[in-house]
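K.L.:
Sharing a structure here in structure tokens format.
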């Protein structure tokens, strides 16, 4: 027999999700609460660049972790064990949680930024995007539930996580490059930061379009770019070029979101409300 029976595989998925959802806030607290390793904030401060959002923006992890815990409880209910939606998305979601845990663990234990952290954030981003886009692209499948739990728990979790980690990956890239001494082909810090912010905006806009206009993804990405804008408008430093790039990314997200909703209207589908 190849692989475990369906029932055992479902239980394994449920328990893995619970453990990984619990591990996210616990591992994040290793250094600041338990004194193990070096705080993530200190690691990030050593390799800070204009691409890194203002510090308050990282509070978005609080609702993401809370939604992850609520999702873990919901998906563990006996009625959800053979849910076709969770069979399709569950392992991808668990893998995204695992990627977050590995990144936080590595950041605190190694105590430094570098390519290892950039590789790990990509490891977290890839399954987060797969789960997010698969849910969005298949959200009208007749065999899958479309009730309030999916609308107000699953979609916010997937959208917020994917949107934030998309932007965070570029911030992590800039920090890793600084820590590793990358010269960006002779570009100065400001020019490299502008380029990264613009590319991040284009990537986020493309994913937003593919998601058919997820307001949760748009909100998380906009939260990140707004924090980059504020960070470069005096909250941390003055860098008007990077601030302008972040503002352009925000405008692009708004244009793409509106266009995606209009496309849905033309296809005979009501525009997504905030829970859509």
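K.L.:
Output the residues belonging to segment 119-140 that are touching a helix residue (DSSP H, G or I) at 6+ places or on another chain (Cβ under 7 Å) and surrounded by fewer than 19 Cβ atoms within 10 Å (Cβ to Cβ). Can you show your working first?
P.N.:
Step one: of segment 119-140, the residues touching a helix residue (DSSP H, G or I) at 6+ places or on another chain (Cβ under 7 Å) are 120-125, 127-135.
Of everything in segment 119-140, those that are touching a helix residue (DSSP H, G or I) at 6+ places or on another chain (Cβ under 7 Å) and surrounded by fewer than 19 Cβ atoms within 10 Å (Cβ to Cβ) turn out to be 122, 123, 130, 134.
K.L.:
Still on this structure, I have one more. For residue 37, are the conditions met, namely being over 23 Å from residue 203 (Cβ atoms) and assigned to a loop (DSSP other than H, G, I, E, B)?
P.N.:
Values: over 23 Å from residue 203 (Cβ atoms): yes; assigned to a loop (DSSP other than H, G, I, E, B): yes.
Yes; evaluated as a whole, the condition is true for this residue.
K.L.:
Same structure, new question: Please work out which one of (1) modelled with pLDDT of 95 or more; (2) surrounded by fewer than 20 Cβ atoms within 10 Å (Cβ to Cβ) is the condition residue 27 fails and give its number.
P.N.:
(2)
K.L.:
Still on this structure, I have one more. Which of the following residues is surrounded by fewer than 19 Cβ atoms within 10 Å (Cβ to Cβ), touching a residue at least 60 places away in the same chain (Cβ under 8 Å), over 19 Å from residue 172 (Cβ atoms) and in contact with a helix residue (DSSP H, G or I) (Cβ under 7 Å, 6 or more places away or on another chain): 63, 39, 84?
P.N.:
Values: 39 fails: over 19 Å from residue 172 (Cβ atoms); 84 fails: in contact with a helix residue (DSSP H, G or I) (Cβ under 7 Å, 6 or more places away or on another chain).
Result: 63 is the single residue among 63, 39, 84 that is surrounded by fewer than 19 Cβ atoms within 10 Å (Cβ to Cβ), touching a residue at least 60 places away in the same chain (Cβ under 8 Å), over 19 Å from residue 172 (Cβ atoms) and in contact with a helix residue (DSSP H, G or I) (Cβ under 7 Å, 6 or more places away or on another chain).
K.L.:
Here is a further query. Taking helices (runs of 4 or more DSSP H) that do not extend beyond segment 155-274, which have at least 1 residues that are under 19 Å from residue 135 (Cβ atoms) and more than 18 Å from the chain's Cα centre (by Cα)?
P.N.:
On the way: elements: 155-179, 189-210, 215-231, 240-266.
Those helices (runs of 4 or more DSSP H) span 240-266.
K.L.:
Hey, can you tell me all the residues within segment 72-85 that are part of a helix (DSSP H, G or I) and at pLDDT below 95?
P.N.:
Of all residues in segment 72-85, those part of a helix (DSSP H, G or I) come to 72-75, 78-80, 84-85.
Passing the criteria: 78, 79, 80, 84, 85.
K.L.:
Picking from 102, 123, 129, 69, which residue would you name as being modelled with pLDDT of 95 or more, under 28 Å from residue 232 (Cβ atoms) and in a helix (DSSP H, G or I)? Give the steps one after another, and end with the answer.
P.N.:
Details: 102 fails: under 28 Å from residue 232 (Cβ atoms); 123 fails: under 28 Å from residue 232 (Cβ atoms); 69 fails: under 28 Å from residue 232 (Cβ atoms).
Sole residue among the options that is modelled with pLDDT of 95 or more, under 28 Å from residue 232 (Cβ atoms) and in a helix (DSSP H, G or I): 129.
K.L.:
Restricting to segment 244-276, and then to whatever is over 16 Å from residue 199 (Cα atoms), in contact with a helix residue (DSSP H, G or I) (Cβ under 7 Å, 6 or more places away or on another chain) and surrounded by fewer than 19 Cβ atoms within 10 Å (Cβ to Cβ), can you tell me which residue is modelled with the lowest pLDDT?
P.N.:
Taking the candidates together, the pick is 271.
K.L.:
Working carefully through the options 103, 115, find the one that is surrounded by fewer than 20 Cβ atoms within 10 Å (Cβ to Cβ) and in contact with a helix residue (DSSP H, G or I) (Cβ under 8 Å, 6 or more places away or on another chain). Give the steps one after another, and end with the answer.
P.N.:
Details: 103 fails: surrounded by fewer than 20 Cβ atoms within 10 Å (Cβ to Cβ).
One residue alone meets the criteria, 115.
K.L.:
Among what's in segment 144-154 and is touching a residue at least 12 places away in the same chain (Cβ under 8 Å) and not in a helix (DSSP H, G or I), pick the residue that is surrounded by the fewest Cβ atoms within 10 Å (Cβ to Cβ).
P.N.:
The selected residue is 145.
The values are calculated or read from the model by the stated rules, or taken from the named source; none is laboratory data. Quick caveat: nothing in here was measured; it's all calculated off a predicted structure. Every residue, glycine as well, gets a Cβ built from its backbone with ideal geometry; the counts of neighbours run over all protein chains shown.
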